[in-house]
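Each remark here refers to the structure printed beneath this line.
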Amino acid sequence: MRNTARWAATLGLTAATLCAPLGGAALAAPAAPPASLYAPSALVLTVGHGESAATVGAARAVTLSCAPGPSGTHPAAASACAELRAAGGDLDALAGPGGAMCTKQYDPVVVTVDGVWQGKRVSFERAFANECVKNAAGSSLFAF
């Protein structure tokens, strides 16, 4: 009877040693979750007075992040993100001519947008004849 008990104890310890990695914490630990369910969308927008971003410094700059929700220092982040989504990220469509009446005073304003929109690199620059023309585009994206 002693040999049977010793044999059973040895078999039990061997089984526990070999099967321990297959149970417990190893099975309970899920795979690492993805970093995010959303493609990154983080932009830096600047505005400056001049004809080209290469020749002027930024007078104002804001950040805008749209995924998973609107955030950043942009004063109207929610509506700016909504406009970007509606335009499919086409910044040219948002910077189009508006219907406002502006003077013909030439005081150029340059707007730049750099960053990532839905996982794709974005670099945009648009010069407007003056602040009124920029605001006439009617987009809250450029209203900062």
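Tally Lys and Arg at +1 and Asp and Glu at -1 over the other residues with C-beta under 14 Å from the C-beta of Gly48: what net charge comes out? Here the charged neighbours net out to -2.
With Cα atoms as the point set, the radius of gyration and Dmax of the stretch 61-136 evaluate to 13.4, 41 Å.
Bear in mind these aren't lab numbers, they're just calculated from the coordinates by the rules spelled out. Here the structure is a predicted model, which means the values were calculated and not measured. Every residue, glycine among them, receives a Cβ derived from its backbone with ideal geometry; neighbour counts consider all protein chains shown.
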